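Okay, so here's the structure we're looking at.
The values are calculated or read from the model by the stated rules, or taken from the named source; none is laboratory data. Owing to the predicted nature of the structure, the values given are computational and were not obtained by experimental measurement. For neighbour counting, all protein chains shown are included, and Cβ atoms are generated from backbone atoms with ideal geometry for every residue, glycine included.
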Amino acid sequence: MERINTTDAIFEGTVSKIDTLDKSTISITFSITRKIKGVDSLSSIKIQTAKSGSSCGSHFEVDEHWLIFSNSQYTGLCYGNLLLYDNSFKDFNLEPISKNYKFYYTKLKKFINQIADAKTEIELTEVDENNTIIAKGKLDSNRKPMADWFYVKYIPIPH
């Protein structure tokens with residue numbers, strides 16, 4: 001939920017064009033197919049990323065369909081973008097995902113669908129695998145975070 005809360009644009013889109021801006025940056029034009037957060041008035045958007053994976057750049061190909069998280073029209077490997085193949089994330093099959101990631105993607109799918117379908121203010125609650133609340137907060141009707149979000153900070157226990 002923190003990723004959803006801290007990103008200013010979330011959408012599903014198909015890569016329609018890729019341009020090189022300079023020796024280290026490319027611009028990707030997406031045709032937006034599903035508006036989730038921060039792109040309500042747009043039908044397409046240009047997002048930048050680093051050319052190199054070692055600089056956290058993401059690799060895109062024309063006609064690929066993606067779930068994109070971006071800030072200030074920039075994205076990268078650490079943003080949590082997901083290649084959707086021919087699906088919408090709404091219909092994305094979670095069965096082939098490994099057990100280690102299935103819980104995370106199940107929660108992400110739930111939150112993305114709740115946000116995309118929201119027409120008014122909504123409250124989101126995230127729980128861990130033991131059903132303990134680890135995050136809670138509200139989004140306004142424009143899907144922007146409202147004050148007083150609650151996050152539990154986990155401290156790893158050495159084995």
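Out of all the residues in region 67-78, is one or more free of Cβ contacts under 8 Å to residues at least 24 places away in the same chain, outside any loop (DSSP other than H, G, I, E, B) and either hydrophobic (A, V, I, L, M, F, W, C) or closer than 14 Å to GLU12 by Cβ (or both)?
Yes.
For residues in region 7-26 being among the hydroxyl-bearing types (Ser, Thr, Tyr) and within 20 Å of SER41 (Cα to Cα), which is surrounded by the fewest Cβ atoms within 10 Å (Cβ to Cβ)?
Result: SER16.
Could you list, in sequence order, all residues of region 100-127 that are over 17 Å from the mean Cα position of the chain (by Cα) and of a type in the set (A, V, I, L, M)?
Scanning region 100-127 gives ILE122, VAL127.
Might you check whether a residue that is loosely packed, with under 11 Cβ neighbours inside 10 Å, modelled with pLDDT of 80 or more, of a type in the set (Ser, Thr, Tyr) and closer than 25 Å to GLN48 by Cα occurs anywhere in region 72-82?
yes
Return the only residue of GLY137, GLY57, GLY53 being among the small types (Gly, Ala, Ser), in contact with a strand residue (DSSP E or B) (Cβ under 8 Å, 6 or more places away or on another chain), assigned by TED's automatic domain parsing to the domain that holds THR20 and surrounded by 11 or more Cβ atoms within 10 Å (Cβ to Cβ).
Going through GLY137, GLY57, GLY53 in turn, just one is among the small types (Gly, Ala, Ser), in contact with a strand residue (DSSP E or B) (Cβ under 8 Å, 6 or more places away or on another chain), assigned by TED's automatic domain parsing to the domain that holds THR20 and surrounded by 11 or more Cβ atoms within 10 Å (Cβ to Cβ): GLY57.
Looking at region 100-134, which of the residues that are of a type in the set (A, V, I, L, M, F, W, C) and more than 14 Å from LEU67 (Cβ to Cβ) is surrounded by the most Cβ atoms within 10 Å (Cβ to Cβ)?
LEU124
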